[in-house]
Amino acid sequence: QFDVEVNDGQLKIEFRGDNWACSVSAVIIYPAEKAEQGKQFLEAVREKKRFFFENYFHRVLHQATGDPLMPNPAQKQDGYVTFVRDIMEDVYCNDTPVKSEIGSAINGFGFAGEFQTLSVAVLPLHDLGKTSVTISDLTGPGVLRATDISVAYVSYRLMRVSGNGAIYTLAPRIVMPFNAVDCPANITRRWWIDVCPPGDAKPGIYQGQVTITPTHGRPSTLPVEYRVYPGTLDAADIPIGPWGHTVPMPWNFPDSAATDWKKRAEERSLIKLRNSGFTTCTGLPVLVYQGFKNGRPQFDFTEADRLMALARRCGFNMPVVSYCQIEGLDLYKRDQAAMKVAKFENYAQFVKAMFGAIQTHADAAHWLPVIWNIGDEPMGDDLIAALDNVEEYRAAFPKGPPQFTAATSIATTQPNGPEFRFAKTLHIANLNEFTEQSVQILQKSDGEWAFYNDGSRWTFGIYAYKAAKQFNMRFRLGWHFNISAGDPYYALDCREDDYAWCTAMPDGKLMSTIIFERDMRTGLNDYRLMLTLDHLARLKNDAAGLALINDRLNAFTLDQRDHDAVFPVVDWSEYRKKLADAVARLRS
């Protein structure tokens, strides 16, 4: 709200921005001398909006888990109860601890260079005010410095229950990069502690403590024990990463500050992904098609070259997947208009001329390999048109490079249907919905496949390992790094927030989500741990190590995408420890 003085009888207001950066709903103007009436009107509008909101949207709170709270005298004096819960089990704002979670030490394990998350939760018995959690150095064979361990709190946010958001809940969603937060009575808080031992960390047991310091209450400590296993994990051997690669800013006007913000966000995002072990992403390169000149296609490669150089500088070296990234050209269907302007009669020849020139430039500029996306879940008549399009691309480049993919599904088992024909015509079919049988049928037709979406620790970890090793999955993508189509902190205005890996603060610093840290990143660690054990077991002809892997992979099928429907929740930590112990045994 602001006052404005009008001298010439005109009040001119302009709103600039793209998409959700220009979400102006209403402007209310009233004379300053009627300020009291204006305030009354605004309050009436707010109440009316609340009335309509509460009659359309309905909040359903999580049904609390835990045992009845029975604090002992010491806890009453502290003013809170602390507990430790496995990271694969959520802590909601109304949860209480089960008895076995109270008084537990904070334990964890991992390899040098591997991010692993520890956590502690606090249930305030009264208003604690701002409460901080800090961690000491962890000492053992060496020192894991507290300055290298991040402590953040988990923020509860609106989350849709129904697809349209009319029914919503409050759920743990964003890992806020601050170690202190207000702790009102009976609102359970959780802190997220990320440990990543440096590459030269000596293996062994490290110990320290976490300190909880409320404004209104007594400080307390919990012991921490972290085991560093010998060596490091092998890097993922296939492209694994998110759709997208940065936090976009919907502001495309000439503005040096916005340009700098975007570039910093890109670099921070790519570094975060690479440091977490991810090996690919989408949304690059970005180039502009400028037609033909003297019989040769013309492109502006400026942004593409910058992005590819940045990706290499951030440590990426595997193929990336393009996604709608050639401005001025429609890749999803035959662009007959562009073909005719270029004076071609055959579309495959037009494609070959264009992408041949792109590939020549890519080789000279030392780009990462690109798998070009030329379709996005076509169905019905769109699927027939998309099939017609990909046939031309395949005719232009029977084997590649370049190679082409498209987002699609093959839930059917009819090998002559358009879904299968579309999938096997692509160099690599990027599948969302599929069955183990449909993948096998595709492969018998010499088709190749990849897997996208359905992001979880399971499908980015052990499930993905089975898909890669037993079914030759070529790459793995998850929706999405960040592509909020509305307010990124208010999840009822669009569905995209639900799946974001990271978002950003106004200064551009990244904030992770639970999806990124607990599901995607930890799942990738599981994949790398299996890969490391397989490598060592084959090198040393170790039957026990190979059996540990093969018994697990043979215990489920590609049709079983939910870990907890196949194995108990405790299996996450128990099986991972078996893998880590086997690696340590072989390295010793």
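The values are calculated or read from the model by the stated rules, or taken from the named source; none is laboratory data. Just so it is clear, the model here is predicted, and its values are computed rather than measured. Ideal geometry is used to build each Cβ from the backbone, glycine not excepted, and the neighbour counts take in all protein chains shown. These area figures cover heavy atoms from the full protein model, side chains too; ligands, DNA and RNA do not enter into them. Shrake-Rupley method; radii C 1.70, N 1.55, O 1.52, S 1.80 Å.
Numbers for the structure displayed
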item	result
Only listed residue being under 27 Å from the mean Cα position of the chain (by Cα), under 28 Å from GLY165 (Cβ atoms) and of a type outside the set (Lys, Arg), chosen from TRP449, TRP479	TRP479
Residue check, MET520 open to solvent by less than 30 Å² (accessible area, probe 1.4 Å) and within 27 Å of PHE567 (Cβ to Cβ)	yes
Which listed residue, of SER573, SER512, is under 19 Å from GLY108 (Cβ atoms), open to solvent by 10 Å² or more (accessible area, probe 1.4 Å) and either hydroxyl-bearing (Ser, Thr, Tyr) or in contact with a helix residue (DSSP H, G or I) (Cβ under 6 Å, 6 or more places away or on another chain) (or both)	SER573
Hey, ASP300 touching a helix residue (DSSP H, G or I) at 6+ places or on another chain (Cβ under 9 Å), modelled with pLDDT of 95 or more and more than 17 Å from LEU477 (Cα to Cα) or not	no
First in the stretch 236-259 and surrounded by 19 or more Cβ atoms within 10 Å (Cβ to Cβ), second anywhere and among the basic types (Lys, Arg) and assigned to a loop (DSSP other than H, G, I, E, B), Cβ under 7 Å, 6 or more apart	ILE238/ARG474
Close pairs (6 angstrom Cβ cut-off, 6 or more residues apart or separate chains): over 20 Å from HIS126 (Cβ atoms) in the stretch 213-232, open to solvent by 70 Å² or more (accessible area, probe 1.4 Å) and basic (Lys, Arg) anywhere	PRO230/ARG587; GLY231/ARG587
Given (1) part of a loop (DSSP other than H, G, I, E, B); (2) closer than 12 Å to ILE441 by Cα, number of the condition ALA423 does not satisfy	(1)
Meets criteria (under 20 Å from ILE205 (Cβ atoms), out of contact with any helix residue (DSSP H, G or I) (no Cβ under 7 Å at 6 or more places or on another chain) and either assigned to a helix (DSSP H, G or I) or not β-branched (Val, Ile, Thr) (or both)) for SER104	yes
From the options LEU123, LEU128, residue that is touching a Ser or Thr at 6+ places or on another chain (Cβ under 6 Å) and more than 30 Å from MET530 (Cβ to Cβ)	LEU123
Which listed residue, of ARG552, ARG528, ARG474, is touching a Leu at 6+ places or on another chain (Cβ under 6 Å) and open to solvent by 20 Å² or more (accessible area, probe 1.4 Å)	ARG528
Qualifying residue in the stretch 429-436 (condition: in contact (Cβ under 8 Å) with a residue 60 or more places away in the chain, over 22 Å from the mean Cα position of the chain (by Cα) and surrounded by fewer than 22 Cβ atoms within 10 Å (Cβ to Cβ))	yes
Number of the exception - GLY165 against (1) surrounded by 18 or more Cβ atoms within 10 Å (Cβ to Cβ); (2) outside any strand (DSSP E or B); (3) at pLDDT 95 or above	(3)
Of all residues in the stretch 174-206 being open to solvent by 60 Å² or more (accessible area, probe 1.4 Å) and acidic (Asp, Glu), the one that is modelled with the highest pLDDT	ASP182
Subset of the stretch 113-128 [open to solvent by 10 Å² or more (accessible area, probe 1.4 Å) and either small (Gly, Ala, Ser) or within 27 Å of the chain's Cα centre (by Cα) (or both)]	GLY113, PHE115, GLN116, THR117
When residues of the stretch 490-525 are limited to those that are in contact with a Leu (Cβ under 8 Å, 6 or more places away or on another chain) and hydroxyl-bearing (Ser, Thr, Tyr), the one modelled with the lowest pLDDT	TYR490
Residue check for GLN443: open to solvent by 10 Å² or more (accessible area, probe 1.4 Å), within 18 Å of SER409 (Cα to Cα), out of contact with any Phe, Trp or Tyr (no Cβ under 8 Å at 6 or more places or on another chain) and not in a strand (DSSP E or B)	no
Test: residue in the stretch 62-74 that is under 26 Å from the mean Cα position of the chain (by Cα) and surrounded by 14 or more Cβ atoms within 10 Å (Cβ to Cβ)	yes
Long-range neighbours under 9 Å by Cβ, at least six apart or interchain, first residue part of a helix (DSSP H, G or I) and open to solvent by 10 Å² or more (accessible area, probe 1.4 Å) within the stretch 264-281, second among the hydroxyl-bearing types (Ser, Thr, Tyr) and at pLDDT below 95	GLU266/THR246; GLU267/THR246; ARG268/THR246; LYS272/SER512
Scope the stretch 426-440; condition over 27 Å from ALA555 (Cβ atoms) and assigned to a loop (DSSP other than H, G, I, E, B); matching residues	LEU426, HIS427
Close pairs from the stretch 502-527: first in contact (Cβ under 8 Å) with a residue 60 or more places away in the chain and under 20 Å from SER119 (Cβ atoms), partner crowded, with 24+ Cβ neighbours inside 10 Å and hydroxyl-bearing (Ser, Thr, Tyr), Cβ under 6 Å, at least 6 apart	CYS502/SER512
Residue in the stretch 145-154 that is among the hydrophobic types (A, V, I, L, M, F, W, C), part of a strand (DSSP E or B) and farther than 30 Å from PRO230 by Cβ present	yes
Set TYR30, TYR92: member being open to solvent by less than 50 Å² (accessible area, probe 1.4 Å) and among the hydroxyl-bearing types (Ser, Thr, Tyr)	TYR92
Qualifying residue in the stretch 284-296 (condition: part of a loop (DSSP other than H, G, I, E, B), among the hydrophobic types (A, V, I, L, M, F, W, C), touching a helix residue (DSSP H, G or I) at 6+ places or on another chain (Cβ under 7 Å) and in contact (Cβ under 8 Å) with a residue 12 or more places away in the chain)	yes
